[in-house]
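Peer 1: Got a structure for you, questions after.
Here, each number is a calculation from the coordinates, and none is a lab measurement. Note that this is a predicted model, so its numbers are computed, not measured. Cβ coordinates were reconstructed from backbone atoms using ideal geometry, including for glycine residues, and neighbour counts include every protein chain displayed.
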Amino acid sequence: MLNIALFGPPGAGKGTQSKLLMEKYNLVYISTGDILRSEIKAGTDIGNKAKTIIEKGGLVDDEMIVTIIERTIRNNDDAAGFLFDGFPRTLVQAYILEGLLLKLNTSLNCMVALDVPNDMLKERLLKRADLEDRKDDTEVVINFRLKEYENKTAPVANFYKEKNVFHAINGIGELDDIFKHLTNAIESSLEKVWQNVVLFGPPGAGKGTQGQLLAEKLNMVYISTGAMLRQELKHKTEIGMKAAPYMEKGTIVPDEIAIQLIEKKINESHDANGFIFKGFPRTIVQAYILDGLLRKLNTGVTAVLDIKVPTLESIKRLSQRSKTDMARSYDLATDLIVARLEEFETKTLPVVEYYQKQKKYITVDGMGTEEQILNRLSETVENAFKHVW
Ligand code: AMP
């Protein structure tokens, strides 16, 4: 299904553009405002309840909105998709829409917003008052509706920005030009499917080196929870201080710390093609967490690459690193190296099974020169991506 929401203040031109969009993409149009107006005309219960609120420019309650949307969805069970206009209008309604679409096993693909400055909105709405007989297009009500928009509706944009499906478009200009910009935004949003890779392998497998090279090569963002934690530690931040005792022992830090760091990084990286996770997930719980984090972005794990290196080789590499300035505190003693390898075996290997079941797990030989391994990894990732596309 293709589901789009058209967003913007009253008078932005949502109704006009909607007609064009629904035709182009063969969508069922759901304008909560239009539906409510026809309920009022028909004198139904909902209409009678909504009438005074609409005439004052306030928002009608969510229960009514859910009732009319559910009904429209039910009456169009063969729809190729929906075009929402005037909904979601509050953060609560954004969650409601998530739930409604989840029930249909789908989600909102794109929210396109029409930007128009307030003075022009007022001008347009007052003009509309002469053409259509809308009781809410008087100056006093218009001002109130714009205030309601600013206070309650505008924050909805952030909800979809975080999901990376929000696009704002200049709503001033020729109708055809605006339409072209809208369809460009919709189509670029559909093309933009994030691909995400998890790099796996025992300590010393080369995940850090290869992860960064791979990210550069494929224009992805490298997310290493360990590297981020070391930065926090170095700058003695609150997170760093909380994580310090765990890191010094070479054990896994509490999950909420890792989540905080990953979310921050994801939110800074909306232009990326996707993410390469290194050192996360390390446990089954973290595998569920990663699914949850990515689901929030309408995406998921595409492939898990396990860099295979014999145990003796990893010990050798960790011991070599301990002699360089890249040495980590836990590289310095044999018992710590052994403890980390053991922790990897007991806690991390079950994660392999998790991804094997989902057919996302691929092993890659981690022996050879840096370049050989990089080529092997990037080929594997590109193949996995093709598989998805
Ligand atoms: P519209 O046609 O979208 O400008 O909506 C006209 C009026 O209908 C609004 O000012 C609200 O009173 C009411 N309305 C429309 N959609 C909603 C919604 N999603 N939630 C609450 N009230 C709505």
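Peer 1: Once both labels are modelled 7 Å past Cα along the beta-carbon direction, what's the residue 191-residue 323 spacing in nm?
Peer 2: 5.1 nm
Peer 1: Relative contact order, percent, of the chain when contacts are C-alpha pairs under 8 Å separated by at least 6 residues? Provide the component values of the computation, followed by the final result.
Peer 2: Values: 525 pairs, mean separation 65.2, N = 389.
So the answer I get is 17 percent.
Peer 1: For the range 290-302, what does the Karplus curve 6.51 cos²θ - 1.76 cosθ + 1.60, with θ = phi - 60°, yield as ³J(HN,Hα) per residue in whole Hz, taken in order and with x for Gly and Pro?
Peer 2: Result, rounded to whole Hz: 4, 4, x, 4, 6, 4, 4, 9, 6, 9, x, 6, 8.
Peer 1: Give the long-range amide H neighbours of residue 364: residues separated by 5 or more places, or on another chain, with amide H under 5 Å away, using H modelled in the peptide plane at 1.01 Å from N.
Peer 2: Amide H to amide H, under 5 Å and 5 or more residues apart or across chains, residue 364 pairs with 306, 307, 308.
Peer 1: Within the set 49/147; 264/357; 19/49, which residue pairs have Cα atoms separated by over 26 Å?
Peer 2: Numbers: 49/147 22 Å; 264/357 30 Å; 19/49 28 Å.
The pairs that break the limit, which is 26 Å between Cα atoms, are 264/357; 19/49.
Peer 1: Report, to the nearest 10°, how far helix 255-268 tilts away from the longest principal axis of the Cα atoms in the chain, using its own Cα long axis and a range of 0 to 90°.
Peer 2: Around 60 degrees separate the two axes.
Peer 1: Compare the Cα positions of 251, 38, 303 along the charge dipole of the chain (+1 at Cβ of Lys, Arg; -1 at Cβ of Asp, Glu; about the Cα centre) and return the one farthest towards the positive end.
Peer 2: Selected residue: 251.
Peer 1: Spelling out what I want: for every residue of the range 372-381, take phi, set θ = phi - 60°, compute 6.51 cos²θ - 1.76 cosθ + 1.60 (Karplus), and round to whole Hz; glycine and proline get x.
Peer 2: Taking θ as phi minus 60°, the curve returns 4, 5, 4, 4, 4, 5, 5, 4, 4, 5 Hz for the range 372-381.
Peer 1: Taking θ as phi - 60°, what are the ³J(HN,Hα) couplings along the range 157-169 by the Karplus curve (6.51, -1.76, 1.60), each to the nearest whole Hz, with x for Gly and Pro?
Peer 2: After applying 6.51 cos²θ - 1.76 cosθ + 1.60, I find 4, 4, 4, 7, 4, 5, 8, 6, 10, 9, 9, 9, 10 Hz.
Peer 1: A follow-up question, please. What nm value, rounded to one decimal, do you get for the distance between residue 370 and residue 161 when each label is placed 7 Å out toward the C-beta?
Peer 2: Each label point lies 7 Å from its Cα, and together they span 3.8 nm.
Peer 1: Straight-line reach from residue 152: which aspartates and glutamates have a Cα under 15 Å away, not including same-chain ones fewer than 8 places off?
Peer 2: Result set, ordered by chain and number: 61, 62.
Peer 1: Determine, from the Cβ-Cβ distance of residue 150 and residue 34 and an R0 of 30 Å, the FRET efficiency 1/(1 + (r/R0)^6), rounded to the nearest 0.05. Could the numbers behind the result be given before it?
Peer 2: On the way: r = 23 Å, r/R0 = 0.76.
Using R0 = 30 Å, I get an efficiency of 0.85.
Peer 1: How high is the relative contact order of the range 195-386, given as a whole-number percent (alpha carbon pairs under 8 Å, six or more residues apart)? Walk me through the numbers before you get to the answer.
Peer 2: Details: 254 pairs, mean separation 64.6, N = 192.
Rounded, it is 34 percent for the range 195-386.
Peer 1: Using the Cα centre as the reference, give the magnitude of the dipole from point charges on the C-beta atoms of the chain (Lys, Arg: +1; Asp, Glu: -1; all else neutral), rounded to the nearest 20 debye.
Peer 2: Working: 51 positive and 54 negative charges, 150 e Å.
Computed about the Cα centre, the dipole is about 720 debye.
Peer 1: Against the longest principal axis of the chain, how steep is helix 62-74, in degrees 0 to 90 to the nearest 10, with axes from Cα atoms?
Peer 2: 90 degrees
Peer 1: Next question. Determine which residues of the range 84-124 fall in the zone a paramagnetic label at residue 1 would reach in this model, i.e. backbone nitrogen under 12 Å from the point 7 Å along Cα→Cβ.
Peer 2: Residues passing the 12 Å test: 84, 97-109.
Peer 1: Rounded to the nearest 10 degrees, what's the angle between the helix 207-217 long axis and the longest principal axis of the chain, both from Cα atoms, 0 to 90?
Peer 2: 40 degrees
Peer 1: Could you check the spin-label model distance between residue 132 and residue 74? Points 7 Å from the Cα along Cα→Cβ, value in nm.
Peer 2: Label at residue 132, label at residue 74, 2.7 nm between them.
Peer 1: Here's something else I'd like to know. Could you sort out which of 192/386; 163/207; 51/103; 278/386; 278/308; 217/347 sit more than 25 Å apart by Cα distance in this structure?
Peer 2: Values: 192/386 14 Å; 163/207 28 Å; 51/103 30 Å; 278/386 22 Å; 278/308 15 Å; 217/347 31 Å.
Table pairs above 25 Å Cα-Cα are 163/207; 51/103; 217/347.
Peer 1: Checking the a/c ratio against 1.5 first, then a/b against b/c, what shape does the Cα gyration tensor give for the chain?
Peer 2: Details: a/c = 2.77, a/b = 2.50, b/c = 1.11.
Taking the square roots of the gyration eigenvalues as a ≥ b ≥ c, the chain is prolate.
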